[in-house]
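The values are calculated or read from the model by the stated rules, or taken from the named source; none is laboratory data. None of these values were measured; they are calculated from a predicted model. For neighbour counting, all protein chains shown are included, and Cβ atoms are generated from backbone atoms with ideal geometry for every residue, glycine included. Heads up: the accessible areas ignore ligands, DNA and RNA and are worked out on the full protein's heavy atoms, side chains in. Shrake-Rupley method; radii C 1.70, N 1.55, O 1.52, S 1.80 Å.
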Amino acid sequence: MGHSLTADPTPLQTCVRVHTQFVRSVNLHRDSRATSVLGGYICTPTAAGALRSLLHGYETATQFAWTITGPYGSGKSAFALFAAALFNPKHPAHVTASRILDQHDAQLAQWLSKVPHFLPILAVGRRHSPARCILEALATALEVPETVRASARGWVEGNHRPVATAEMDDAVIQALLETAQTTKRPLLLVFDE
């Protein structure tokens, strides 16, 4: 016959717990230096495959740009922070990220340890030009030369006159070139939307 549904008086919160890390979405600007963000990171086979693609493209000089797509909440921004920490030994979460990767794939971790130290530039897209978003990232990136940070701040904060898109695009290219030449490190430019 029919089943009757009776309300269970036990609140759901006593049966299910969501780790606080997964309660809010990752934001590259807010979380870029937080070591706790990667504490519960899970290196999935998809994340490991993306890292392999990045390494292979860099080492063979065949591909220097990638797009990572997926539904909201699937871990794209968390992966960006994971990659930024892995590729930059000066990052506060580098040791944590390296341990996570080593536990998932020791061979991939060994391969990654042999590439040059990248300087991550983490830009967050919003309703502005991509160039402006990259300049905002450069203005706050700790390892970017002070001359570049100051110039980027000038564009972002002090430049109130209308600026042609090409003029701002040129400023971004010059800032990225100066950063790479001054630091003598390859750049890992992440643009997260």
Once the in-chain neighbours fewer than 8 apart are removed, the lysines whose Cα is under 27 Å from K184 read K90, K114
If the chain between L187 and T35 were fully stretched, how many nm would it gain, using 0.36 nm times the residue separation less the Cα-Cα distance?
52.6 nm
Taking the range 57-100, which chymotrypsin sites (Phe, Trp or Tyr not before Pro) meet the DSSP loop condition and have no more than 14 other C-beta atoms within 10 Å?
F64, W66, Y72
Taking amide H positions as placed in the peptide plane 1.01 Å from N, state which residues far from I121 in sequence (5 or more) or on other chains have amide H under 5 Å from it.
L188, L189, V190
Using the Kirkwood formula on alpha carbons, the hydrodynamic radius of the range 95-152 in angstrom works out to 13.6
The range 144-193: Rg to Rh, with Rh as the Kirkwood radius over Cα pairs:
0.99
With Kirkwood's inverse mean 1/r over C-alpha pairs for Rh, give me the Rg to Rh ratio of the chain, two decimals please.
1.09
Out of every Cα pair in the range 114-181, what percent are spaced more than 16 Å from each other?
43
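Show me the trypsin sites (Lys or Arg not before Pro) within the range 122-160 that DSSP assigns to loop and that have at most 13 other Cβ atoms within 10 Å of their Cβ.
R126, R127
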Between Q107 and T147, what is 0.36 nm times their sequence separation minus the Cα-Cα distance? Round to one decimal in nm.
10.5 nm
For the range 21-85, state the average projected area of the convex hull of the C-alpha atoms over all orientations, rounded to one decimal in nm².
4.7
Expressed as a whole percentage, what fraction of the accessible surface of the chain belongs to carbon and sulfur atoms when a 1.4 Å probe is rolled over the protein heavy atoms?
57
Per residue, how much accessible area does the chain have with a 1.4 Å probe, in Å²?
62
³J(HN,Hα) across the range 43-60 via Karplus (A = 6.51, B = -1.76, C = 1.60, θ = phi - 60°), whole Hz, x for Gly/Pro?
7, 7, x, 5, 5, 5, x, 5, 5, 4, 5, 4, 5, 5, x, 5, 5, 8
